[in-house]
Amino acid sequence: MTRFVDQELATAGTASVMVVLSDEARAVPDTATAAESLEPYFSASESSQLAAVALAADLPVETMRYYPNLGVAYGSVDRDGYAALRSDPAVEEVVGAPQLSLIRPVQRRSVRASATRTWGIDSLGIPELWAEGLTGAGVVVAHLDTGVDADHDTLAGAVSSFAEFDPLGRILPGAGPRDSDDHGTHTAATIAGREAGGKVVGVAPSASLASALVIEGGDAVARVLGGLDWSIDQGSRVLSMSLGFRGWWQDFLPIVRILRSRGILPIIAAGNEGPGTSRSPGNYAEALSIGAHDDSGAIAAFSSSQRFVRRRDALVPDVAAPGVNVVSAKPGGGFQTMSGTSMATPHVAGLAALLAEADPSATVTRLERAILASCTPVGGPVERVRKGIVNGPAALAALRSRARVSSPRAAIPSQPSPATRERSRQRAGAR
Amino acid sequence: VPERADPELTRQLEQAAADNTPVEAVFVLRPPPGLAAPAPTSTETLTRKLVDRVSASTGRSAQDVHVFRNLGRFVVSADPGFIRELLAQPEVDSALANRRPGDEYLGGS
């Protein structure tokens, strides 16, 4: 971990660190006193995560945050502070810290939406599906993010249900739709933004959103579990989730399997840390993992990709979708561009909603296979995406092709439901 | 602590043991054979039964319990002794710490 601290110091001048107090320091009744003695070593860098969170909430900037139950302090240090911390007897260890809160998209700026449609919608060929009358009507997409500004012009009527979760995964009573950041409003409108002022940013402009506020402030496992549990009760067919742990973290693997068994296609961002990296749960074989490409069809440099030692879906992400300079809604009104696999993920979730409308009986696996089958391979010396770039009309054709093959069976009254078939498939161990 | 606790939960339990401060843990119920999770009603019933059983055996109660009925999981905030006793129940498959150090659950990739 110190290697990462050294790298961050070399490139940025400061680094985020976690400081583990020594056994002696933790043995005193009031460990906060020992932690406070370390405060002068930390920097009040305006670029630190603590500062970013405080400034966003209009709160005083902390230089350090202490977690008494853990005996760990968190903050930003420069070279001198880092050296001082490592030599302090109250300190057992100084390690690099994961970023504290939401990973920002790699780029964002406010814009005036000049085109009637976004480049991402055109790139996916979505207007061809709209021309066939497919707009996502009747399909619920679960959206787990920072919340949503449901009053934005493009989202009027799009949010069919909303819930904000506390750190134990309980719904906050009476909490109305809101965005704790601006990330959730952007991703929500890419999925299901309605036409407003002659402009459309949503792939499935008649789909309904079940939007859960599960990140930013009080990040905890149970908070996300609460959102996922709730999304099942909302009748969701698709999950759009642009969050994840860095690296491999297997604890959500059974959850993703449960979602599939309940008829929800989990569409999850791969991450923004470039080649050789990925995030969980987006890197599970059981997730439809999403990378980002630009308007020339090139995989974005930031888009995560990683090969795993496993028989199925060894390369992450599965597919790539528009994720660079994506125009979508900004809380409070107007539009902004963002770049990230977070932006690519809702494009695919919107497409999945259109496919689910085209064939309401389609199983999770059929929806997924149609999207995978639609892809145009991406060449290049470095493998960056398993199947390639998603195409909407090709996905619809693939879905219909498979539907024609299976339609006589679907007419048999005793045929198991899609959910039952999915459970049987999972019991058999197939993807 | 049984091996079914993740290392972070084990660490938090050891840390909290000295002053008996509450720990938050997410418990995974042992799924029926061939299924990813118990049925929603079973999850609710079993959670209530487990918490009642541990309350009776320890003489303590949980501060908070919340059931994820569709996921075969529940989260408990309780003192370390209560959490350890829950971990020892045969219906529990595994458990993990709800709060991760450094708030490592990140969004917006």
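Quick note: the coordinates plus some simple rules give every number you see, no bench work behind them. Computed from a prediction, not measured in an experiment: that's the story for all the values here. Cβ coordinates were reconstructed from backbone atoms using ideal geometry, including for glycine residues, and neighbour counts include every protein chain displayed.
Points worth noting:
- Residues of the stretch B:8-49 with an amide N closer than 12 Å to a point placed 7 Å from the Cα of residue B:55 along the Cα-to-Cβ direction: B:48-49.
- Between residue A:382 and residue A:311, full extension at 0.36 nm per residue minus the direct alpha carbon distance yields a gain of 23.5 nm.
- For residue A:199, a cut-off of 27 angstrom between C-alpha atoms picks up these lysines, skipping any fewer than 8 places away in its own chain: A:330.
- Reachable lysines from residue A:387, criterion Cα separation under 22 angstrom, eight or more residues apart if same chain: none
- Among the GluC sites (Glu not before Pro) found in the stretch A:298-392, those both in a DSSP coil and sparsely packed, with 15 or fewer other Cβ atoms within 10 Å of their Cβ, are A:383.
- Estimated FRET transfer efficiency when R0 is 51 angstrom, pair residue A:170-residue A:132 (beta carbons, to 0.05): 0.75
- Put simply, the Cα atoms of the stretch A:132-183 extend 44, 20, 19 Å along their principal axes, the longest span coming first.
- Residues A:308, A:165, arranged from fewest to most other Cβ atoms within 10 angstrom of their Cβ, appear as A:308, A:165.
- Two-decimal Rg to Rh for the stretch A:268-402 - Kirkwood Rh, Cα set: 0.97
- Residue order for B:83, A:299, A:171, fewest other beta carbons within 10 angstrom first, comes to A:171, A:299, B:83.
- Cβ-to-Cβ counts within 10 Å put A:359, B:64 in ascending order as B:64, A:359, the fewest first.
- Shape analysis of chain B based on the Cα gyration tensor places the equivalent ellipsoid semi-axes at 21, 19, 12 Å, largest first.
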